[in-house]
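Engineer: Below you will find the structure I want to go over with you.
Just so it is clear, none of the values below were taken in a lab; they were calculated from the coordinates. Just so it is clear, the structure is predicted and the values come from calculations on it, not from any experiment. Please note: Cβ atoms are built from the backbone with ideal geometry, for glycine as well, and neighbour counts cover all protein chains shown.
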Amino acid sequence: MKKTILIILILLAIPLLSFGQEKKKAVYFYSKTCAHCVKVNEYFQNNGIYDKYDIKKVEADSAENFSYLNKFFDAFGVSAQKRGYPVIFFGTKMLIGDQPIIDNFLKEIENNNASVFPDPALLKSALEQQNKQDAKTQPDKSKSISLSILAGAALVDAINPCAFAVLILLVATVLSSGGKRRALFSGLLFSFSVFVSYFLMGLGLYKTITVFNFPQIISIIIGVIAIIIGLANLKDALWYGKFFVMEVPFSWRPKMQVIIKHVTSPIGALGVGFLVSLFLLPCTSGPYIVVLGLLAEKENLSRTVSLLFLYNLIFILPMVVITLGMYFGLKLGKLDEIRRNNIKLLHAIAGVVMLFIGIYLLYQWL
């Protein structure tokens, strides 16, 4: 009786043991005329891989098999330029090229669920599901990167000496004709109009940049622009006034001063703020364009609106501080003297920050 039970248990265990020893499966595409395929085949034979694993060999030279291979490439989203053989598929993994297969096949197939031969249609669905799951579990780095770069670029804009000069001239003009209270409202309304005009221009540029859906190229271009702006500011820090300046062009300044000196009321300051924004654009647009390029690459419109609001709030903050300082007794002449004495330092700070941003952006891709 005991022997009979033992025999039955052994018979029941045989299928379970054979199931536990079932070979992992893979589909291997090759060509008879491919020297790289010969190397892989020799490696498989010399290491007993054909015996250890159930590998379906498919010669990709025929039209039917080549079409079958392309279905696998489609499932993995491989571009036409990168398709070729030898290539092997197992589980949800693909290895292409002789050396990657030789170096990684044994390790990868042991760490992959390859109990059945991969099917292109099922594989595509599984990979899409896996990508969705990865997107949920991985942290969104783009937001933190955008915020850190945005803050740095906004600070560069905020300490721009030409914006200070314009505001000081405006407040002094209104102060001399209408008193401290009117000068206060004029400075605040001027800052508000600059905020609105730059915010709207930013949205327009953002929509323009998003037309070009090339994130790597955009990031590299923006990085190069940031480095050029940084170097130009460092030039002003060392040799101010030579060749060019990262401020309002000297030839524009008389016209801008004439416009500002005609402002004698807060309403006039509000209107002139929009107009003067065009004069300020050459010396303040560099960091702004860098940020807009990154926002167009990484952020949707709703988040971009909030980030542009923050950027421009930082940009006009010194204008508001200068206006309030004037109202509470700070001498405008002293402010202008501080600006002129530290103009090279301001350019140096801007140059270092923009160089850092540019190098960081290029380092991400190169």
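Engineer: Listed highest first by mean packing, meaning other Cβ atoms within 10 Å per residue, what order do 59-71, 347-359 come in? Provide the component values of the computation, followed by the final result.
Structural biologist: Numbers: 59-71: 13.8, 347-359: 20.5.
Going by the mean number of other Cβ atoms within 10 Å, highest first, we get 347-359, 59-71.
Engineer: Shifting gears a bit: Using packing as a proxy for protection, rank 37-50, 315-328 so that the peptide with the highest average count of other Cβ atoms within 10 Å comes first. Write out the running numbers ahead of the final one.
Structural biologist: Working: 37-50: 15.4, 315-328: 18.3.
Result, highest mean Cβ count within 10 Å first: 315-328, 37-50.
Engineer: Sorted by average packing, counted as other Cβ atoms within 10 angstrom per residue and highest first, what order do 24-30, 197-203, 300-306, 108-114 take?
Structural biologist: On the way: 24-30: 21.1, 197-203: 18.4, 300-306: 12.9, 108-114: 15.3.
By packing density, highest mean first, the sequence is 24-30, 197-203, 108-114, 300-306.
Engineer: Per the Kirkwood formula on distinct C-alpha pairs, the Rh of the stretch 22-131 is how many angstrom?
Structural biologist: 14.0 Å
Engineer: For MET94, what residues show an amide H to amide H distance below 5 Å, using hydrogens built from the backbone and excluding near sequence neighbours?
Structural biologist: Hits under the 5 Å cutoff: none.
Engineer: Now a separate question. Normalised by the number of residues in the stretch 22-131, what is the relative contact order in percent for Cα pairs under 8 Å and 6+ residues apart?
Structural biologist: Working: 153 pairs, mean separation 39.6, N = 110.
Computed value for the stretch 22-131: 36 percent relative contact order.
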